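Enquirer: Sharing a structure, written as structure tokens. Questions coming.
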Amino acid sequence: MRVEVVRRGGIAGVPVRGELETAALPAGVRTAAEKALAALPFGAPAPTPAHPDGFSYEITLAGEARGPAVLDEHDVSPPVRAAIEQALVKGRPG
């Protein structure tokens with residue numbers, strides 16, 4: 001599963017983009033992450049940030065036609081967080 005992540009917010013407010021192929025995750029983590037990622041609210045309106053300097057994550061799956069899922073940092077489950085962290089390891093500004 002190909003995942004694209006854009007992290008926005010924080011004190012600096014600089015977006016960071018990263019990508020991940022879930023096959024790169026360890027097997028147990030991969031299965032949980034893929035299941036959690038597939039269940040995200042794709043195409044739903046972005047939530048209001050919990051606080052001004054908080055992070056939000058825009059997650060897009062290759063082939064997902066409904067648009068991205070946007071999550072507040074407090075709404076990210078551990079399996080999705082594992083995928084986000086791996087995607088942003090080699091993230092780039094923008």
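The values are calculated or read from the model by the stated rules, or taken from the named source; none is laboratory data. Since this is a predicted model, take the numbers as computed values, not measurements. Here the Cβ is made from the backbone with ideal geometry for all residues, glycine too, and neighbour counts use every protein chain on show. Ligands, DNA and RNA are stripped out before the accessible areas are found, and what is left, the full protein with its side chains, is counted by its heavy atoms. Shrake-Rupley method; radii C 1.70, N 1.55, O 1.52, S 1.80 Å.
Enquirer: Suppose only helical runs count, i.e. DSSP H with n ≥ 4. What mean residue ellipticity at 222 nm does that imply for the chain under -39500 (n - 2.57) per run, divided by all residues and rounded to the nearest 500 deg cm²/dmol?
Expert: Numbers: 2 runs with 23 residues, N = 94.
Calculated mean residue ellipticity at 222 nm is -7500 deg cm²/dmol.
Enquirer: Would you please name the trypsin sites (Lys or Arg not before Pro) within the range 55-94 that are DSSP coil residues with at most 12 other C-beta atoms within 10 Å of their C-beta? Working shown, then result.
Expert: Numbers: sites: Arg66, Arg81, Lys90; in loops: Arg66, Lys90.
Taking the range 55-94 and a limit of 12 other Cβ atoms within 10 Å, the loop trypsin sites (Lys or Arg not before Pro) found are Arg66, Lys90.
Enquirer: A further question on this structure: With the radius of gyration and the Kirkwood radius both derived from the Cα set of the chain, what is their ratio Rg to Rh?
Expert: Radius of gyration over Kirkwood radius for the chain works out to 0.94.
Enquirer: Per residue, how large is the accessible surface of the chain? Use a 1.4 angstrom probe and give square angstrom.
Expert: Details: 5350 Å² over 94 residues.
Value for the chain: 57 Å² per residue.
Enquirer: What does the charge add up to near Glu34, with Lys and Arg as +1, Asp and Glu as -1, over the other residues with Cβ less than 12 Å from its Cβ?
Expert: Computed value for this residue: +2.
Enquirer: Determine how large the accessible area of His51 is when every protein chain is in place; take a 1.4 Å probe and give Å² rounded to the nearest 10.
Expert: Number for this one is 80 Å².
Enquirer: Under a point spin-label approximation (7 Å from Cα along Cα-to-Cβ), what is the Glu21-Arg92 distance to one decimal in nm?
Expert: Those two pseudo-labels are separated by 1.8 nm.
Enquirer: For Pro49, what is the net charge nearby, where nearby means another residue's Cβ is under 15 Å from its Cβ and Lys, Arg count +1, Asp, Glu -1? Present the calculation step by step, with values, prior to reporting the outcome.
Expert: On the way: positive: Arg7, Arg8; negative: Asp53, Glu58, Asp72, Glu73, Asp75.
With Lys, Arg at +1 and Asp, Glu at -1, the neighbours total -3.
Enquirer: Report relative contact order for the chain in percent, whole number only (criteria: Cα-Cα under 8 Å, sequence separation at least 6). Don't skip to the end; give the middle numbers.
Expert: On the way: 169 pairs, mean separation 37.4, N = 94.
40 percent.
Enquirer: Calculate what fraction, in whole %, of the accessible area of the chain sits on carbon and sulfur atoms when a 1.4 Å probe is rolled over the protein chains.
Expert: Reported share for carbon and sulfur atoms: 57 percent.
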